Structure formats: C-alpha cells, structure tokens
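Engineer: Questions regarding the structure given below will be posed in turn.
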Amino acid sequence: MSTTSLREFAAQRRGYLPVLATTALFALTLEAGNYRYYGFLSGQVLANLFVDNAYLLVIAVGMTFVILTGGIDLSVGAVGALTTMLCANLVERQGWPPLLVIPLVLAVGAVLGAGMGYAIHHFEVQPFIATLAGMFFARGLCYLISTDSIPISDHLFTTLAQSHLTLPGGVFVSWSVVIAVLVVAAAFVVLHYTRFGRAVYAVGGNPQSALLMGVPVGRTVIRAYTVSGLCSALGGVLFTLYTLSGYSLHLVGTELDAIAAVVIGGTLLTGGSGYILGTVLGVLVLGVIQTIITFEGTLSSWWTKIAVGTLLFVFVLLQRIMTARRQHAPRHQRARRSA
Amino acid sequence: MRKVLGHRLFWPVALLAALLVTNVIYSPDFLSIRVRDGHLYGSLIDIMRLGSPLLLVALGMTLVIATGGIDLSVGALVAISGAVACLNISHLTNQKDSGAVVLAVLLALAVCVALGIWNGLLVAGAGMQPIIATLVLMVAGRGVAQMITGGQIITVNSQPYHLIGGGYELGLPLSVLIAAAVLVLTGLTVRRSALGLLLESVGGNREASRLVGIRAGALTVTVYAFCALCAAGAGLMISSNVASADGNNAGLWIELDAILAVVIGGTSLSGGRFHLGGTAIGALVIQTLSTTVYTIGVPPETTLMFKALVVTAVCLLQSPAFRAKVLPGRARRRAAAVQAKPRKKEATAP
C-alpha cells in the first residue's frame, strides 16, 4: 500500500485505527507465544483466555461506559470484592438461597454505582474522588463482613463453577464465558443501537454541546456509573464462581487492569470515542501476556505489571499523537485537554 | 467569630480536634507525653512519627495538584526507593559504614527523581492527562520494585540506615524533623518567592501562563520531580523503620491517602490554588483517624470505611452545588455567591 492511500485510509477510518493497532498487537503476542512454546496456539489455550478473564471482561465492559462519558471508575475492584464477600457470607453463613442472593448483590452493585454517579453529576464531585470514596467504602464493608476468606460449598455455585460447555473441536469453556460474551453482546447493542448509547458518546465528546442538543446529560452520566456498578457486581459473581470463595482482598488492583484494557482497546480516556470490541481485545492482550508469563514457568508476576505498564504507555502515547493531529486547528482546545 | 469560622483551615482543624477529643474520651492519658532516655514518647508523638511519610508524600502531591495535575505513582516510588536503598545496603560488606549508606540513600533518591522527571515529561512534553501518565508508572513501577527485590522482602541490619525512620534527634523522632524541615523549606520557597504564584498560574490555565512568559513546561517537570523526591524520602522512612524493603506492599494505597490529605487541607483538585498548611493538617487528620480507630476499639480493618465517610463528607462540604442544595440559609447564600463567580474547568468536568 502506498503512503497516499494509507493516509487516505487513515483519514477516513481514523476511529478504527486504535482497534486495528490492538488487533495487530494481539496477533503479534499470540505469534510470539506460538514461536516460543509448542502448543501455545491450541484451541484450549485460546479458550482459557476467556475462561480466566471472564470476570475482567465484564468489569472492563462497565468501565468502557464510564470512560466513554469522560469519567473514570476506581471502585470496580472493591465493588467486585464486596460482591464475592456478600455471596459467600449470605449463602454459606446465613443460608440464603443463591437464586435470591445473586440478584441482590447485582442490585447492591448497581445502587452503589448510581450513588457515585449521583454525587458526580449533582454535587459536581470529581469522578476520580467520588469513585475513590466508593472504593474505600466497598472495601471497608468487605472487612466489616469478615476479614477471613469464606469458601463456598453451595450446590448451585459449585455446579455452575465446575460444569463445562463443550464447543466444536473439543474445547471446554465455563458458563462464566457464556455470561461474559452475553454481556459484551448486550453492551455492543446498547452502545451502538440505542438512544442511551448515543447519549454516552455525546456526553463524552462534549457535555456542553450534548446538553445544548437536548441530551439528558445527568441521566446519562448516572446511568453509565450504574452500568459500571452492575458490571462490577456481575464480574464479582463470576470471580466468586472462579475462586469459589469470598475474600476482602479479592480483585485488588482490578480497576487498573480494567482501565488498561479499555485504553489498550483504543477508547479515548477523554471520552467520546471507542468500541466495546476494542475493550474485548484489550482484555485478551492482557490475558495473552499473563499466559506467556505462565508458560515461561517462572513465578515472577512483576513482569506482567511491567508489560501492562509499558503497553499502557505505548497506547496512550499513540492516542495522544492521534488526537493532537485531529485537533490541529483550534489550539485552545488542545490546551484544555492537556490541562 | 465569623473570621474564625470562615478561615479555610477551620474545618480541617475542627476535624482534627474532634478526633483528638474522641481519643481523650476513650483513653484519658492520650495527650500525655513522657520523657524516656531523653526522647519524647506518647500517642501524639506516635501520630507524628507514623504520619511523617504521609506528610512528605502529600507535600509533593500538593504542588502537583496545584499545577492541575495528579501523581498516582507515588506509592510505586515509595516501594522503588526503599527497594533500591535496601538492595544496595544489603550488598555492603559492612552495613554500619555511614558513607556507603548515604551513597545508597542518594542513589535511591536519584532513581526516583529520574522517574519523576519522566512523569513530568509525559505530562508537559507529550501532553498526556496526568492521571494516565502517572498511572503508567503506578502499574509498571510496582513491578519494577518487585523486580529489584526479586519478589522477596529484603531485610537490612544497618544502624545508620535505621536512623532515618527510627532515630531520634533533639528528643523527637528524626522522621518528624525531616518532614517538618521539608514542609518549612517548601513553604518558604513557594510563598516567599513568586514560585507558588507561578505554580498556581500554571494550574489555573497552562496555555495562558505559557503565553505570558511563564515556563509552564519546565515548572511542571520540576514539580513532578519534587513530588517523586518526596515520595522517595517517604519510602526511605518506611523501609528504614521496619529495616526491610517490600516491593509488593510498601506504600500500598499511600497515593490515595496523600490525595485525601490534600483534599481535606482545602486544596482544589482542579488546580490553581494550594495550601501547604492545610495539607499538613490533612495528613495529621488521616493518621489520627487511623489511631482513633485503634483507640476506640473498632476493628482496624474498618479504617477504610471511616476514610470513605471522611472523603465523602469533605468532598460534599467543599462542593458548592451540594451546599447550595442541602445546607440552609446563610451557607446557601454564600455558596450561591461562590457559584456565581466564573469557575474554571466546570465546562470540562462531566
């Protein structure tokens, strides 16, 4: 492809570029793993990317909504942990039926999210601070319930956790993967085919213009945080299935993984631009890195952190270069965004 | 009376006083300070000693926030600084050698300052959002710290190094004196020269400051480097106090506590104005809060809950929108007056 046509392509499809870059990166990491280890590209290894990261996928989907509105949600890990704790405590220690507990914990997550969204919109508390308080609050609640890990032996939970779904080709996936894929599909439909989805993009692009055009900014912001809270809770339920336990230290640092996945997936941190499928790719890239490090056979988990940090850096820089080009003309806008 | 109530430090000081009174109610000899071996001992001294790393980090954070930024990487820097210092000291044949220990400490400080300059360059040079630019180092930095310590906890047995976090001078813990000295020096530097004003100007409007001839970029890099230096100092105090470096847990969540201290102290998170004195009180409030939780016999794990309640309360009280909607009468009129003034950045905050 000559440079001219590449440039034209880039100009027409600029919004897809980050996603394309992520796709290329995903293919590259897979190829690197395949080059280094025999059997890396087997179907089960790929399926396990989803099995091991189903909870992160769901949480990152919620985070995508919030980041698209130009906000950030630091409470996702803590809300997920609170969910595991509530599930384990109510089912194991209080003897509540799981079919009652699961809707209840989802509601708790949604209400917490809505509360943060309310404070952010109506009291003009910065998203960073409001969700930070939410994070402290949810973790604190975990500790109030119990400081110990609570194992789960409930029949429904263990059945759900241990039963598999066989895909063509003899590949096994857990039911969590099915739930995660459904959540991704639902988020895709909501973001691209509903009024709420369009409002999310509009608010993130420019809240003032959105308001002037009649988009209900407040309602959209509150709903986006509610979605994030709900997804965190659902992610927490999936994590409960994954570990079959509730513990207040579960999911520490997940908010950063989720933010990293969203950013690597090409969603602009300033809001208004990004795709759910990009987020899926972002989660998969993180998953492949983790898998490669596992295949390497060492327990040096710090390489994951360094790799994630480096990727985050590269992608944010990429975004920065692209948005700087897009806004070449109005200089004051650039200044405002970098402030 | 109105002057006292309206002072910006009134609510933080009131909060601190309320916490102290709570402590005295639960343990009557809380305020007593004893002299033992020429050193001062007591709960108040403990609060200051345990709070000094947080105060240091919060000081650097205040200046970064004044320029409209934020530094999430301080926790990772705390871990890196302790790891670098302890690694070098543990390699010494004679760990009592003061000269070699000083070299190790200087190396740790230098590494962190270099990382701070990196943060500053990302923010000022590449124009990244500060929260993201420093998020990179927050994620990768803790990995680096773990790599330095090899995933283990490095213990050292060095008397000179132990002085930083556990030593006494003039009857007071050395860490308190260091933190106080940095506080006073920083305060003098920024308030007795135009520097503080320039920082606030950059925080108010970076582009406008640059156009009137303020070197906004250089100032930003300097501020991030200073913040990293402060974090490195805190890291030395923490690791020296326990005579070991833990890449995984040293300074965990201190960035959040530091931001909290800055916010309680009345510094606006959107930049443009800052109060170092407020930050100092904010840091003391947070440390006292932790101590109070222990004193009144609540399980210490619930400290996070209390912090959440404090952050929420402080943020809501600082929010003009909240005051206008909820508080009655005079407060509402005053809040309305504040809101009527043109407020910057409202446009971008969703």
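Engineer: Over chain A, with a Gaussian network built from C-alpha contacts below 10 Å, which listed residue (A:204, A:218, A:282) shows the highest mean-square fluctuation?
Structural biologist: A:218
Engineer: For every helix of n ≥ 4 consecutive DSSP H residues, a contribution of -39,500 (n - 2.57) applies; sum these over chain B, divide by its total residues, and give [θ] at 222 nm rounded to the nearest 500 deg cm²/dmol.
Structural biologist: Result for chain B, helices only: -22500 deg cm²/dmol.
Engineer: Buried accessible area between B and A (1.4 Å probe, both chains summed, ligands and nucleic acids excluded), in Å² to the nearest 100?
Structural biologist: In total, chains B and A hide about 4600 Å² from solvent.
Engineer: A further question on this structure: How many lysine pairs does the protein assembly as shown hold where the Cα atoms are under 22 Å apart and the two sit 8 or more places apart or on different chains? Could the numbers behind the result be given before it?
Structural biologist: On the way: B:3/B:341; B:325/B:341; B:325/B:344; B:325/B:345.
Lysine pairs meeting both conditions in the protein assembly as shown amount to 4.
Engineer: Once you have the alpha carbon radius of gyration of the protein assembly as shown, what is it after dividing by 2.2 N^0.38 Å, with N set to its residue count?
Structural biologist: Normalised Cα radius of gyration, the protein assembly as shown: 0.96.
Engineer: Going by amide H atoms built from the backbone, whose H comes under 5 Å of the H on residue A:245, apart from near neighbours?
Structural biologist: Hits under the 5 Å cutoff: A:152.
Engineer: Moving on to the next point. Over all distinct alpha-carbon pairs, what is the Kirkwood Rh of the range B:1-141 in angstrom? Don't jump to the answer; show the numbers that get you there.
Structural biologist: Values: mean 1/r = 0.0534 Å⁻¹.
For the range B:1-141, inverting the mean 1/r across all distinct Cα pairs yields 18.7 Å.
Engineer: Could you grab the relative contact order for chain B? Cα pairs under 8 Å, six or more apart, rounded to a whole percent. Provide the component values of the computation, followed by the final result.
Structural biologist: Details: 580 pairs, mean separation 103.4, N = 350.
In percent, rounded to a whole number, it is 30.
Engineer: Need one value for B:311-318: mean number of C-beta atoms belonging to other chains within 10 Å of its residues' C-beta atoms. Please report the intermediate quantities before stating the final value.
Structural biologist: Working: counts 9, 11, 1, 2, 9, 5, 0, 4.
Per residue, the number of nearby Cβ atoms from other chains is 5 on average.
Engineer: So which residue, out of A:318, A:286, A:212, gets the largest mean-square fluctuation from a GNM of chain A using Cα contacts under 10 Å as springs?
Structural biologist: Fluctuation is largest for A:212.
Engineer: Using only helices, what value at 222 nm comes out for chain A when you add -39,500 (n - 2.57) per DSSP H run of length 4 or more and divide by the total residues, to the nearest 500 deg cm²/dmol?
Structural biologist: Counting only the DSSP helices, I get -24500 deg cm²/dmol.
Engineer: Just the number, please: carbon plus sulfur as a percent of the accessible area of chain A, 1.4 Å probe, no ligands or DNA/RNA counted.
Structural biologist: Here carbon and sulfur together make up 65 percent of the probe-accessible area.
Engineer: How do B:116-122, A:291-297, A:267-273 rank on mean C-beta neighbours within 10 Å, highest first?
Structural biologist: Details: B:116-122: 23.9, A:291-297: 15.3, A:267-273: 22.3.
Packing proxy ranking, top to bottom: B:116-122, A:267-273, A:291-297.
Engineer: Let me ask something additional. Would you mind working out the accessible area per residue for the range A:226-272, using a 1.4 Å probe, and quoting it in Å²?
Structural biologist: Working: 1000 Å² over 47 residues.
Counting only protein heavy atoms, the per-residue value for the range A:226-272 is 21 Å².
Engineer: Across all directions of projection, what mean area in square nanometres is found for the Cα convex hull of the range A:152-270?
Structural biologist: It is 9.7 nm².
Engineer: Tell me, what HN-Hα J-couplings in whole Hz come from the Karplus equation 6.51 cos²θ - 1.76 cosθ + 1.60 at θ = phi - 60° for each residue of the range B:224-238, using x for Gly and Pro?
Structural biologist: Result, ordered by residue: 5, 5, 5, 4, 5, 4, 4, 4, 4, x, 4, x, 5, 4, 5 Hz.
Engineer: For a distance above 14 Å, tell me the whole-number percent of Cα pairs in the range B:152-216 that qualify.
Structural biologist: Values: 1461 of 2080 pairs.
I get 70 percent for the Cα pairs in the range B:152-216 exceeding 14 Å.
Engineer: How are the Cα pair distances of chain A distributed, in percent, across 20 Å bins from 0?
Structural biologist: Values per bin, smallest distances first: 30, 57, 12, 0.
Engineer: Here's a follow-up. What does the structure give for B:119-131 when I average, per residue, the other chain Cβ atoms found within 10 Å of the residue Cβ?
Structural biologist: Neighbouring Cβ atoms belonging to other protein chains average 3 per residue here.
Engineer: Just tell me how shielded B:293-305 is by partners: mean number of partner chain Cβ atoms within 10 Å of each residue's Cβ, no decimals.
Structural biologist: Neighbouring Cβ atoms belonging to other protein chains average 3 per residue here.
Engineer: In addition: What net charge do the residues around residue A:76 carry, taking every other residue with its C-beta under 14 Å from that of residue A:76, with Lys and Arg at +1 and Asp and Glu at -1? Each step should come with its number before you reach the end.
Structural biologist: Working: positive: A:139; negative: A:73, A:255, A:257.
With Lys, Arg at +1 and Asp, Glu at -1, the net is -2.
Engineer: Something else: Convex hull volume of the Cα atoms in the range A:176-228, per residue, in Å³?
Structural biologist: Per residue, the Cα convex hull of the range A:176-228 comes to 67 Å³.
Engineer: For the range B:85-167, just the Cα set please: Rg and Dmax, both in angstrom.
Structural biologist: Rg and Dmax of the range B:85-167, Cα atoms, are 15.7, 46 Å.
Engineer: Defining a contact as two alpha carbons under 8 Å apart and six or more residues distant in sequence, what relative contact order in percent does the range B:1-110 show?
Structural biologist: Computed value for the range B:1-110: 12 percent relative contact order.
Engineer: If packing is taken as the average number of other Cβ atoms within 10 Å across a peptide's residues, how do A:165-174, A:306-315 rank, most packed first?
Structural biologist: Answer by packing, highest mean first, reads A:306-315, A:165-174.
Engineer: Still on this structure: Please list, in chain and number order, the residues 5+ apart from residue B:168 or on another chain whose amide H is under 5 Å from its amide H, with Hs placed from the backbone.
Structural biologist: B:174
Engineer: Something else: Using modelled amide H (1.01 Å from N, peptide plane; none on Pro or chain starts), what sits under 5 Å from the amide H of residue B:244, excluding residues fewer than 5 places away?
Structural biologist: Those lying under 5 Å, H to H, from residue B:244 are B:156.
Engineer: Hey, could you pull the Cα Rg and Dmax for chain B, both in Å?
Structural biologist: For chain B, the Cα radius of gyration and maximum Cα-Cα distance read 20.8, 70 Å.
Engineer: So, one more: Mean-square fluctuation check for chain B, GNM, Cα pairs under 10 Å: which of B:125, B:99, B:196 is largest?
Structural biologist: In the Gaussian network model the winner is B:99.
Engineer: Expressed in whole Å with the largest first, what are the equivalent ellipsoid semi-axes of the range A:30-84 derived from the C-alpha gyration tensor as the square root of 5 times each eigenvalue? Before the final figure, lay out each step's value.
Structural biologist: Numbers: eigenvalues 192, 41, 14 Å².
In descending order the semi-axes read 31, 14, 8 Å.
The values are calculated or read from the model by the stated rules, or taken from the named source; none is laboratory data. Quick caveat, the model's predicted, so the values are computed rather than measured. In this analysis, Cβ positions are derived from the backbone assuming ideal geometry, glycine residues included, and neighbour counts consider all displayed protein chains. Quick note on the areas: whole protein, heavy atoms, side chains included, nothing else; ligands and nucleic acids left out. Shrake-Rupley method; radii C 1.70, N 1.55, O 1.52, S 1.80 Å.
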